[in-house]
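Notes for the one structure printed next.
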Amino acid sequence: MIKTRPKIVDLSETEHNRRRGGDLRAMLTPATVGSTSGFMGVAIVQPGDRIGEHYHPYSEEFVYVICGKLEVDLDGEPHPLRPEQGLMIPAFMRHRFRNVGDEEARLVFHLGPLAPRPQLGHVDTEETDSVAVSAGAEGAGVAGAGQADRGQVRS
């Protein structure tokens, strides 16, 4: 049996990923720490920005809001998310996060289990060419923390 060693990863050591809106930072992944059951990261979403709609066919996503005023669309239905709230998103549920406040929002996400191959872990359901939206706008928001940089296909 191969033993995985503990490893601390600082946010400043992670790559910026803005392909799906927001700034998705894959921190603890198979590539960065050798994890085998899932991956964790931080999403930083500026006022009026969003993370594009997507779903994960193999993974549940766990989200914890650190700061900011967010709305999450779950299968098209909006729900408010506030600091110190957690959310579990079942596999296959479409989701997008929108910052509807006037301050930066940050959330921690964890996905598990891992997809059999990274390319299978994340399915985008909308275009993400232009992800900035006005605060409070009902739009085609771009969701979720993609998975390509998290050891799965893209937060």
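The values are calculated or read from the model by the stated rules, or taken from the named source; none is laboratory data. Keep in mind it's a predicted model, so treat the numbers as computed, not measured. Neighbour counts are summed over all protein chains in view; Cβ atoms, including those assigned to glycine, are modelled from backbone coordinates with ideal geometry. Surface accessibility is based on the protein's heavy atoms, side chains included, excluding ligands, DNA and RNA. Shrake-Rupley method; radii C 1.70, N 1.55, O 1.52, S 1.80 Å.
Brief remarks follow.
- Tally, over segment 53-63, of residues that are part of a strand (DSSP E or B) and either over 17 Å from R98 (Cβ atoms) or out of contact with any Phe, Trp or Tyr (no Cβ under 9 Å at 6 or more places or on another chain) (or both): 4
- Scanning segment 72-105 for residues that are more than 15 Å from the chain's Cα centre (by Cα) and assigned to a strand (DSSP E or B), we see that the one that is surrounded by the most Cβ atoms within 10 Å (Cβ to Cβ) is P78.
- Within segment 1-52, the set of residues being assigned to a strand (DSSP E or B), open to solvent by less than 20 Å² (accessible area, probe 1.4 Å) and not aliphatic (A, V, I, L, M) comprises D23, F39, G41, R50, G52.
- Test: residue in segment 60-68 that is over 14 Å from the mean Cα position of the chain (by Cα) and surrounded by fewer than 18 Cβ atoms within 10 Å (Cβ to Cβ): yes
- Tally, over segment 106-116, of residues that are open to solvent by less than 50 Å² (accessible area, probe 1.4 Å) and part of a loop (DSSP other than H, G, I, E, B): 2
- Verdict on I66 being among the β-branched types (V, I, T), within 24 Å of L120 (Cα to Cα) and either in contact with an Asp or Glu (Cβ under 8 Å, 6 or more places away or on another chain) or in a strand (DSSP E or B) (or both): no
- Within segment 117-126, if we keep just the residues that are in a loop (DSSP other than H, G, I, E, B) and out of contact with any helix residue (DSSP H, G or I) (no Cβ under 7 Å at 6 or more places or on another chain), the residue that is most open to solvent (accessible area, probe 1.4 Å) turns out to be R117.
- Remark: pairs (first residue in segment 93-117, more than 16 Å from T29 (Cβ to Cβ); second residue surrounded by fewer than 19 Cβ atoms within 10 Å (Cβ to Cβ) and among the hydroxyl-bearing types (S, T, Y); Cβ separation under 6 Å; 6+ apart in sequence or on different chains) = R94/T125.
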